[in-house]
Amino acid sequence: MDEGEKARRQAAVRACGPVLTGRWSDTVRERAGWLAAVAEELTEADEAPDVYGDGVVRRLEEEVARLLGVADAAFFPTGTMAQQVALRAWAGRTGNHVVALHPLAHPEVHERGALQAVTGLRTVYPTREPRLATAEEIRGFEEPFGTLMLELPLRDAGFVLPTWDELTETVAAARGRDAVVHFDGARLWESAPHFGRSLPEIAALADSVYVSFYKSLRGLSGAALGGSAELVAEAKAWRHRYGGLVHQQFPAALAALAGLRDELPRLPSYVAHAGPVARALREGLAAGGLDRPRIHPAEPHTHQFQLWLPYPAAVLDEASLRQAEQTRTSLFGRGRFAGSALPGMSMIEVTVSADALEWTEQDVREAAASFARLVTAVEAAPA
């Protein structure tokens, strides 16, 4: 996106009233003002900033450990670093540097090969299907591995989750092979409704769990790694070696604590509303004349899902921008469609959060039909 198009999109979305998903982020001043208010609420008047992981950072670690039901947790500036450290630690403890994961898992797609380049680990794939590996696939895999990493949910496959029984069977199969289990739980917070289990029950299946603070909790940045006291102590040593022991991190820690206090209790309502939103999108797009709108998964597993449409991404993005400019209502906000390996198909990720709760199913249908008509108009316009 060039700067002119970005400015046009930003201005259009900021001028909108209702935005279903992808509202433009707050300005720096707005975010700083929010953080100042959070500091007033969550710290004492004479509380000093953290220094190398004490103070409010340690308080955040203790809160994460409590929420997950684990012995301890370590704060990391990024999830990439947290998982590097976790998988390195398990390789040292098991004596096996092979990690079994999905080819669409975050370390394989979004980290520039860091597991291999930085940590010296080797990855293998028990399945290439667009879902997590089954117990049968784990038991039947042809070579040994020390750690099974499960991304819950698997984002790039459509935010998909197994059933609870499938998850417990897969974990048991890994343990039957003397492997440890690590959960990439960047979006674990919103997975509990699908499983019908509490966060501690889910975390108890794994030997270590990583969680993120900025994806679903609206934090500034940061992550945590939870597990046994011994594992976390080792992780903190590696955190220092990886350059993650930052002098002061109170802005990120305070934002994370605010997210745990404010957003975490709301996530079940977002998950519950995702199904009606997905259904209304599909119905409205079809009513507006778009061919074969596809929601994946058909019934969302969390508050996020994929929308697939058989049109070029550029056509869909222009229609989305025109909708914001002409109607002051936006389905997709700053979000953009992406092309795919499927000829003629484009996809966008939809996140149902606080803004979407203001939309009824009828609101979504009407906006989707309006968007569909704009797609037809853009597609028919001369190049």
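Quick look at the numbers
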{"item": "Evaluation of residue 291 against (1) part of a loop (DSSP other than H, G, I, E, B); (2) free of Cβ contacts under 8 Å to residues at least 60 places away in the same chain; (3) under 23 Å from residue 359 (Cβ atoms) (one fails), failing number", "result": "(3)"}
{"item": "Search result, residues across the range 328-338 that are open to solvent by 30 Å² or more (accessible area, probe 1.4 Å) and touching a residue at least 60 places away in the same chain (Cβ under 8 Å)", "result": "328, 329, 334, 336"}
{"item": "Any chance residue 218 is open to solvent by 60 Å² or more (accessible area, probe 1.4 Å), touching a Gly at 6+ places or on another chain (Cβ under 9 Å) and either closer than 30 Å to residue 39 by Cβ or hydroxyl-bearing (Ser, Thr, Tyr) (or both)", "result": "yes"}
{"item": "Per-region count, the range 34-53, residues within 12 Å of residue 255 (Cα to Cα) and of a type in the set (Gly, Ala, Ser)", "result": "3"}
{"item": "Residue in the range 119-130 that is among the charged types (D, E, K, R) and touching a helix residue (DSSP H, G or I) at 6+ places or on another chain (Cβ under 6 Å) present", "result": "no"}
{"item": "Matching residues, the range 133-153, being open to solvent by 20 Å² or more (accessible area, probe 1.4 Å) and either under 23 Å from the mean Cα position of the chain (by Cα) or touching a residue at least 60 places away in the same chain (Cβ under 8 Å) (or both)", "result": "134"}
{"item": "Answer residue from the range 248-271, given it is outside any helix (DSSP H, G or I) and over 30 Å from residue 93 (Cβ atoms) and is most open to solvent (accessible area, probe 1.4 Å) among those", "result": "248"}
{"item": "Residue 33 being farther than 27 Å from residue 351 by Cβ and surrounded by fewer than 20 Cβ atoms within 10 Å (Cβ to Cβ)", "result": "no"}
{"item": "Unique residue being of a type in the set (Asp, Glu), open to solvent by 60 Å² or more (accessible area, probe 1.4 Å) and either in contact with a His (Cβ under 9 Å, 6 or more places away or on another chain) or part of a helix (DSSP H, G or I) (or both) when the list is 62, 44, 108", "result": "62"}
{"item": "The lone exception for residue 21 - which of (1) part of a loop (DSSP other than H, G, I, E, B); (2) under 15 Å from residue 260 (Cβ atoms); (3) of a type in the set (Val, Ile, Thr) it fails", "result": "(2)"}
{"item": "Subset of the range 170-200 that is under 28 Å from residue 96 (Cβ atoms) and among the charged types (D, E, K, R) - its residue that is surrounded by the most Cβ atoms within 10 Å (Cβ to Cβ)", "result": "184"}
{"item": "Which numbered condition residue 51 fails, given (1) in a loop (DSSP other than H, G, I, E, B); (2) closer than 10 Å to residue 225 by Cβ; (3) not charged (D, E, K, R)", "result": "(2)"}
{"item": "The listed residue being at pLDDT 95 or above and more than 23 Å from residue 220 (Cα to Cα), out of 73, 100, 86", "result": "100"}
{"item": "Residue that is outside any loop (DSSP other than H, G, I, E, B) and buried (at least 20 other Cβ atoms within 10 Å of the Cβ), where the choices are 11, 73", "result": "73"}
{"item": "Residues that are surrounded by fewer than 18 Cβ atoms within 10 Å (Cβ to Cβ) and in contact with a helix residue (DSSP H, G or I) (Cβ under 8 Å, 6 or more places away or on another chain), drawn from the range 339-359", "result": "339, 354, 357"}
{"item": "Selection status of residue 121, under 15 Å from residue 183 (Cα atoms), open to solvent by less than 50 Å² (accessible area, probe 1.4 Å) and either among the aliphatic types (A, V, I, L, M) or touching a residue at least 12 places away in the same chain (Cβ under 8 Å) (or both)", "result": "no"}
{"item": "The range 283-310, residues that are in contact with a strand residue (DSSP E or B) (Cβ under 7 Å, 6 or more places away or on another chain) and surrounded by fewer than 20 Cβ atoms within 10 Å (Cβ to Cβ)", "result": "293, 294, 296, 297, 308"}
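The values are calculated or read from the model by the stated rules, or taken from the named source; none is laboratory data. Bear in mind that the values here come from a model prediction, so they are computed numbers and not experimental data. Counting neighbours? That spans all protein chains shown, and the Cβs are built from the backbone with ideal geometry, glycine included. Ligands, DNA and RNA are excluded from the accessible area calculation, which covers all protein heavy atoms including side chains. Shrake-Rupley method; radii C 1.70, N 1.55, O 1.52, S 1.80 Å.
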